[in-house]
Amino acid sequence: GAGVSQSPSNKVTEKGKDVELRCDPISGHTALYWYRQSLGQGLEFLIYFQGNSAPDKSGLPSDRFSAERTGGSVSTLTIQRTQQEDSAVYLCASSLSVAGYEQYFGPGTRLTVT
Amino acid sequence: DQQVKQNSPSLSVQEGRISILNCDYTNSMFDYFLWYKKYPAEGPTFLISISSIKDKNEDGRFTVFLNKSAKHLSLHIVPSQPGDSAVYFCAAKLRSNFGNEKLTFGTGTRLTIIP
(Lines give C-alpha, C1' and ligand atoms only; values in the text may rest on other atoms or scores of the structure.)
Protein backbone atom coordinates (compact mmCIF):
# COMPACT_ATOMS: atom_id res chain seq x y z
CA GLY A 1 0.00 0.00 0.00
CA ALA A 2 0.97 3.64 -0.32
CA GLY A 3 3.25 5.05 2.32
CA VAL A 4 3.44 8.57 3.70
CA SER A 5 3.94 11.11 0.93
CA GLN A 6 5.19 14.66 1.19
CA SER A 7 5.34 17.55 -1.23
CA PRO A 8 7.30 19.30 -2.48
CA SER A 9 10.43 17.20 -2.14
CA ASN A 10 12.60 20.32 -2.32
CA LYS A 11 11.76 23.96 -1.71
CA VAL A 12 14.04 26.96 -2.06
CA THR A 13 12.62 30.22 -0.82
CA GLU A 14 13.81 33.71 -0.06
CA LYS A 15 14.07 34.92 3.49
CA GLY A 16 10.82 36.52 4.59
CA LYS A 17 8.54 34.52 2.31
CA ASP A 18 5.89 32.08 3.55
CA VAL A 19 6.00 28.37 2.68
CA GLU A 20 3.54 25.50 2.90
CA LEU A 21 4.59 21.89 3.19
CA ARG A 22 2.12 19.08 2.63
CA CYS A 23 1.83 15.60 4.11
CA ASP A 24 -0.44 12.73 3.07
CA PRO A 25 -0.41 10.08 5.80
CA ILE A 26 -1.03 6.38 5.38
CA SER A 27 -4.75 5.75 4.96
CA GLY A 28 -6.34 4.82 8.26
CA HIS A 29 -3.56 6.22 10.42
CA THR A 30 -5.10 8.52 13.00
CA ALA A 31 -1.89 10.00 14.39
CA LEU A 32 0.24 12.42 12.37
CA TYR A 33 3.53 14.00 13.38
CA TRP A 34 5.84 16.67 12.02
CA TYR A 35 9.56 16.63 12.77
CA ARG A 36 12.50 18.48 11.31
CA GLN A 37 16.13 17.57 10.93
CA SER A 38 18.63 20.35 10.74
CA LEU A 39 22.15 19.71 9.45
CA GLY A 40 24.05 17.46 11.86
CA GLN A 41 21.12 17.21 14.26
CA GLY A 42 18.66 14.53 15.25
CA LEU A 43 14.99 14.69 14.48
CA GLU A 44 13.28 17.49 16.37
CA PHE A 45 9.59 17.11 17.22
CA LEU A 46 7.35 19.95 16.00
CA ILE A 47 3.66 19.05 16.30
CA TYR A 48 1.41 16.01 16.70
CA PHE A 49 -2.22 15.38 15.73
CA GLN A 50 -4.24 12.52 17.20
CA GLY A 51 -7.75 12.02 15.87
CA ASN A 52 -10.06 14.86 16.88
CA SER A 53 -8.02 15.84 19.93
CA ALA A 54 -6.33 19.21 20.18
CA PRO A 55 -2.86 18.98 18.60
CA ASP A 56 0.29 18.88 20.71
CA LYS A 57 2.10 22.01 19.52
CA SER A 58 4.78 21.92 22.19
CA GLY A 59 7.63 21.50 19.69
CA LEU A 60 6.87 24.45 17.41
CA PRO A 61 9.92 26.75 17.66
CA SER A 62 8.06 30.04 17.18
CA ASP A 63 4.67 31.50 16.33
CA ARG A 64 5.78 31.68 12.70
CA PHE A 65 5.13 27.94 12.54
CA SER A 66 1.63 26.49 12.34
CA ALA A 67 0.02 23.31 11.11
CA GLU A 68 -3.42 22.02 10.39
CA ARG A 69 -4.90 18.70 9.55
CA THR A 70 -8.04 18.70 7.45
CA GLY A 71 -10.59 15.92 7.65
CA GLY A 72 -8.32 13.83 9.82
CA SER A 73 -6.05 13.11 6.87
CA VAL A 74 -3.86 15.56 4.93
CA SER A 75 -1.75 17.99 6.94
CA THR A 76 -0.11 21.27 5.98
CA LEU A 77 2.81 22.81 7.86
CA THR A 78 3.09 26.56 7.27
CA ILE A 79 6.13 28.66 8.03
CA GLN A 80 5.59 32.40 7.82
CA ARG A 81 8.33 34.97 7.21
CA THR A 82 10.95 32.26 6.77
CA GLN A 83 14.41 32.73 8.28
CA GLN A 84 17.68 31.08 7.30
CA GLU A 85 17.65 28.98 10.47
CA ASP A 86 14.42 27.36 9.21
CA SER A 87 16.48 25.54 6.58
CA ALA A 88 16.12 21.82 7.33
CA VAL A 89 14.49 18.63 6.17
CA TYR A 90 10.89 18.56 7.36
CA LEU A 91 9.61 15.04 7.97
CA CYS A 92 6.06 13.86 8.41
CA ALA A 93 5.12 10.57 10.04
CA SER A 94 1.89 8.74 10.78
CA SER A 95 0.90 5.85 12.99
CA LEU A 96 -2.06 3.75 14.03
CA SER A 97 -3.55 4.88 17.30
CA VAL A 98 -3.49 1.61 19.12
CA ALA A 99 -1.33 -0.93 17.29
CA GLY A 100 2.10 -0.19 18.68
CA TYR A 101 4.19 2.93 18.58
CA GLU A 102 6.00 2.62 15.30
CA GLN A 103 5.81 5.78 13.23
CA TYR A 104 6.06 5.59 9.46
CA PHE A 105 7.92 8.45 7.86
CA GLY A 106 7.61 10.17 4.54
CA PRO A 107 10.67 11.08 2.44
CA GLY A 108 10.74 14.63 3.75
CA THR A 109 10.79 18.11 2.26
CA ARG A 110 14.18 19.79 2.08
CA LEU A 111 13.65 23.49 2.75
CA THR A 112 16.38 25.95 1.90
CA VAL A 113 15.94 29.59 2.88
CA THR A 114 18.31 31.92 1.03
CA ASP B 1 18.99 19.40 26.75
CA GLN B 2 19.60 16.19 24.80
CA GLN B 3 17.53 13.49 26.49
CA VAL B 4 18.56 10.79 24.01
CA LYS B 5 22.23 10.65 23.14
CA GLN B 6 24.17 8.78 20.52
CA ASN B 7 27.75 9.66 21.30
CA SER B 8 29.32 8.01 18.27
CA PRO B 9 28.58 9.99 15.13
CA SER B 10 30.08 7.29 12.93
CA LEU B 11 31.11 3.63 13.00
CA SER B 12 32.87 1.43 10.43
CA VAL B 13 32.57 -2.36 10.57
CA GLN B 14 33.88 -5.13 8.35
CA GLU B 15 31.25 -7.08 6.45
CA GLY B 16 30.26 -10.23 8.33
CA ARG B 17 31.27 -8.84 11.72
CA ILE B 18 29.01 -7.54 14.46
CA SER B 19 27.92 -3.90 14.47
CA ILE B 20 27.07 -2.43 17.87
CA LEU B 21 25.34 0.94 18.03
CA ASN B 22 24.87 2.59 21.39
CA CYS B 23 22.32 4.98 22.84
CA ASP B 24 22.00 6.61 26.26
CA TYR B 25 19.01 8.40 27.72
CA THR B 26 18.43 10.58 30.74
CA ASN B 27 14.66 10.57 31.28
CA SER B 28 13.47 7.66 33.43
CA MET B 29 9.91 8.29 32.21
CA PHE B 30 10.72 6.82 28.80
CA ASP B 31 8.96 3.48 28.51
CA TYR B 32 9.45 2.46 24.90
CA PHE B 33 12.49 2.63 22.66
CA LEU B 34 12.85 2.31 18.92
CA TRP B 35 15.61 2.15 16.35
CA TYR B 36 15.18 3.72 12.94
CA LYS B 37 17.40 3.40 9.89
CA LYS B 38 17.77 6.21 7.36
CA TYR B 39 19.20 6.18 3.87
CA PRO B 40 20.10 9.46 2.13
CA ALA B 41 17.13 11.35 0.68
CA GLU B 42 14.66 8.98 2.33
CA GLY B 43 12.63 9.17 5.52
CA PRO B 44 13.63 7.03 8.50
CA THR B 45 12.29 3.47 8.47
CA PHE B 46 11.40 1.55 11.61
CA LEU B 47 13.80 -1.26 12.45
CA ILE B 48 13.14 -2.71 15.88
CA SER B 49 11.74 -1.66 19.24
CA ILE B 50 11.73 -2.66 22.89
CA SER B 51 9.44 -1.99 25.82
CA SER B 52 10.96 -0.93 29.11
CA ILE B 53 9.63 -4.09 30.74
CA LYS B 54 12.01 -6.17 28.63
CA ASP B 55 15.77 -6.30 28.40
CA LYS B 56 16.14 -7.88 24.97
CA ASN B 57 14.26 -8.09 21.71
CA GLU B 58 15.48 -9.98 18.68
CA ASP B 59 14.38 -9.85 15.06
CA GLY B 60 16.53 -11.75 12.60
CA ARG B 61 19.97 -10.18 12.42
CA PHE B 62 18.91 -7.34 14.70
CA THR B 63 18.85 -7.44 18.50
CA VAL B 64 18.17 -4.56 20.85
CA PHE B 65 19.37 -4.70 24.46
CA LEU B 66 18.03 -2.44 27.20
CA ASN B 67 19.81 -1.78 30.49
CA LYS B 68 17.38 0.35 32.50
CA SER B 69 19.64 0.82 35.49
CA ALA B 70 22.31 2.29 33.22
CA LYS B 71 19.75 4.07 31.00
CA HIS B 72 21.48 2.52 28.03
CA LEU B 73 20.38 0.59 25.00
CA SER B 74 22.26 -0.92 22.13
CA LEU B 75 21.50 -2.31 18.71
CA HIS B 76 23.45 -5.34 17.52
CA ILE B 77 23.55 -6.29 13.87
CA VAL B 78 25.08 -9.64 13.08
CA PRO B 79 26.32 -10.46 10.56
CA SER B 80 26.71 -6.97 9.13
CA GLN B 81 25.96 -6.58 5.42
CA PRO B 82 26.78 -3.77 2.97
CA GLY B 83 23.08 -2.85 2.77
CA ASP B 84 23.18 -2.02 6.47
CA SER B 85 25.23 1.09 5.69
CA ALA B 86 22.94 3.94 6.76
CA VAL B 87 22.35 6.40 9.59
CA TYR B 88 20.76 4.79 12.64
CA PHE B 89 18.61 6.81 15.02
CA CYS B 90 17.66 5.79 18.53
CA ALA B 91 14.27 7.12 19.69
CA ALA B 92 12.30 7.04 22.92
CA LYS B 93 8.70 7.55 23.94
CA LEU B 94 7.42 8.92 27.25
CA ARG B 95 5.09 6.87 29.42
CA SER B 96 1.54 7.98 28.61
CA ASN B 97 -2.07 6.99 29.09
CA PHE B 98 -2.81 7.94 25.51
CA GLY B 99 -0.74 5.45 23.56
CA ASN B 100 0.85 7.32 20.72
CA GLU B 101 3.13 10.13 21.69
CA LYS B 102 5.91 12.08 20.06
CA LEU B 103 9.30 10.45 19.87
CA THR B 104 12.53 11.96 21.14
CA PHE B 105 15.39 11.13 18.80
CA GLY B 106 19.14 10.95 19.17
CA THR B 107 21.45 12.63 16.69
CA GLY B 108 22.19 9.42 14.81
CA THR B 109 25.18 7.19 14.10
CA ARG B 110 26.39 6.73 10.54
CA LEU B 111 27.25 3.04 10.06
CA THR B 112 29.51 2.06 7.19
CA ILE B 113 29.98 -1.61 6.37
CA ILE B 114 33.27 -2.28 4.64
CA PRO B 115 33.10 -5.08 2.04
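The values are calculated or read from the model by the stated rules, or taken from the named source; none is laboratory data. Being a predicted model, the structure only gives us computed values, none of them experimental. Ideal geometry is used to build each Cβ from the backbone, glycine not excepted, and the neighbour counts take in all protein chains shown. Areas reflect the complete protein model, heavy atoms only, side chains present, ligands, DNA and RNA absent. Shrake-Rupley method; radii C 1.70, N 1.55, O 1.52, S 1.80 Å.
Remark: the range B:5-13, residue by residue, has Karplus-estimated 3J(HN,Hα) of 10, 10, 7, 9, x, 8, 8, 10, 9 Hz, where x stands for each Gly or Pro and the curve is 6.51 cos²θ - 1.76 cosθ + 1.60 at θ = phi - 60°. For the range A:65-92, backbone nitrogen atoms closer than 13 Å to the point 7 Å from A:E14 Cα along Cα-to-C-beta are found at A:82.
Taking both sides together, the accessible area buried where B meets A is about 1700 Å² for a 1.4 Å probe.
With a Förster radius of 45 Å applied to the beta-carbon distance between B:R110 and A:N52, the computed FRET efficiency rounds to 0.65.
Shown is the FRET efficiency for A:T78 and A:S27, computed with R0 = 30 Å from the Cβ-Cβ distance and rounded to the nearest 0.05: 0.80.
Rounded to the nearest whole Hz, the Karplus-based 3J(HN,Hα) values (6.51 cos²θ - 1.76 cosθ + 1.60, θ = phi - 60°) of the range A:12-27 follow the sequence 10, 9, 8, 3, x, 7, 8, 9, 10, 10, 10, 9, 10, x, 5, 4, with x at glycine and proline.
Here r is the Cβ-Cβ distance between B:I18 and B:Y39 and R0 is 22 Å; the resulting FRET efficiency, rounded to 0.05, is 0.55. Note on A:E85 and A:S62: their simple-model spin labels are 0.7 nm apart, each label 7 Å out from Cα toward Cβ. Peptide A:83-93 has a mean shielding of 1, counted as Cβ atoms of other protein chains within 10 Å of each residue's Cβ. Across peptide A:41-53, the average count of Cβ atoms from other chains found within 10 Å of a residue's Cβ is 4.
Just the protein heavy atoms count here, and of the accessible area of the range A:16-98 at 1.4 Å, carbon and sulfur take up 45 percent. Distance between the pseudo-spin-label points of B:K68 and B:N27 (7 Å out from Cα toward the beta carbon): 1.8 nm. The chymotrypsin sites (Phe, Trp or Tyr not before Pro) of the range B:67-115 that DSSP puts in a loop, and whose beta carbon has at most 16 other beta carbons within 10 Å, are B:F98.
Amide H of A:G59: which non-local residues (sequence gap of 5 or more, or other chain) have their own amide H closer than 5 Å, using H built in the peptide plane? Here the answer is none, since no amide H 5 or more places off falls under 5 Å of that of A:G59. Summary value for chain B: 37 percent relative contact order, contacts being C-alpha pairs under 8 angstrom separated by 6+ residues.
With every protein chain present, what is the per residue accessible area of the range A:16-98 (1.4 Å probe, Å²)? Intermediate results must be reported in sequence, preceding the final value.
Working: 3790 Å² over 83 residues.
It amounts to 46 Å² per residue over the range A:16-98.
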